[in-house]
1. I'd like to verify a number: residues in region 170-220 that are part of a loop (DSSP other than H, G, I, E, B), touching a residue at least 24 places away in the same chain (Cβ under 8 Å), out of contact with any helix residue (DSSP H, G or I) (no Cβ under 7 Å at 6 or more places or on another chain) and under 25 Å from residue 90 (Cα atoms), how many?
2. Residues 167, 243: which one is in contact with a strand residue (DSSP E or B) (Cβ under 6 Å, 6 or more places away or on another chain), touching a residue at least 12 places away in the same chain (Cβ under 8 Å) and assigned to a loop (DSSP other than H, G, I, E, B)?
3. What number of residues within region 29-50 satisfy the criterion of being free of Cβ contacts under 8 Å to residues at least 40 places away in the same chain and closer than 22 Å to residue 69 by Cβ?
4. So residue 225 fits all but one of (1) in contact with a helix residue (DSSP H, G or I) (Cβ under 7 Å, 6 or more places away or on another chain); (2) in contact (Cβ under 8 Å) with a residue 60 or more places away in the chain; (3) part of a loop (DSSP other than H, G, I, E, B); what number is the exception?
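Each reported figure results from applying straightforward, stated rules to the coordinates on display, with no laboratory input. All values derive from a computational prediction rather than experimental measurement. Cβ placement follows ideal geometry from the backbone for every residue including glycine, while neighbour counts extend to all protein chains displayed.
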């Protein structure tokens, strides 16, 4: 595999407007996410920007930015457009779509999400982490993946995703983490598909892929990173990313 990491980012956000440029210890949040992508060391990293202000911030930090059509509806569409601009020759056969609101994501997670694509039967790979409490399972904001890791397997096919607690009965439940590794051909097919009925119903775009017969694999990680969607989340990120102080 020859991966590239692309980070879709735009200024419009209903709960935290302008969050890509929110300051976290002297750096815009999008630059922290860019740093996590670089630290993973799996390939080149770039930001697929919906706004010129984000381009300016990324380039000021020495990063690569692509200004995409602001009317594109989703991050996956923005990633596809940036890929075409950055790599028209098709050298990169795998695309990691890293959300732009995950400044605390462990860089190793980006390596983990590539592992399922060693199996040619999978089109897309993603990550899941254990759900520890019933309260977490009940939150609609926590997307649940129906998958099973029998006999210690590290990878499982995704059978469904939902905002309600699934599957029913005793046993582990899995918190879906919205990071994807697409085969390049799978990404091209995915963005060409119309919105599907279950995607619309659950407001989860990965269901479009499943409804179209594409195969998604889940890889396990220990903990789900938190996304920055509110001012409280931003404060939490500032605490998590605070520089370590040395005692004099």
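1. Filtering region 170-220 for residues part of a loop (DSSP other than H, G, I, E, B) gives 170-173, 193-196, 203-205, 212-215.
The next check asks that each one be touching a residue at least 24 places away in the same chain (Cβ under 8 Å); those that pass are 172-173, 203-205, 214-215.
Restricting the remaining residues to those that are out of contact with any helix residue (DSSP H, G or I) (no Cβ under 7 Å at 6 or more places or on another chain) gives 172, 203-204, 215.
This time we only want the ones that are under 25 Å from residue 90 (Cα atoms), so: 215.
Residues meeting the conditions: 1.
2. Testing whether each residue is in contact with a strand residue (DSSP E or B) (Cβ under 6 Å, 6 or more places away or on another chain), touching a residue at least 12 places away in the same chain (Cβ under 8 Å) and assigned to a loop (DSSP other than H, G, I, E, B) leaves just 167.
3. 1
4. All conditions pass for residue 225, except number (1).
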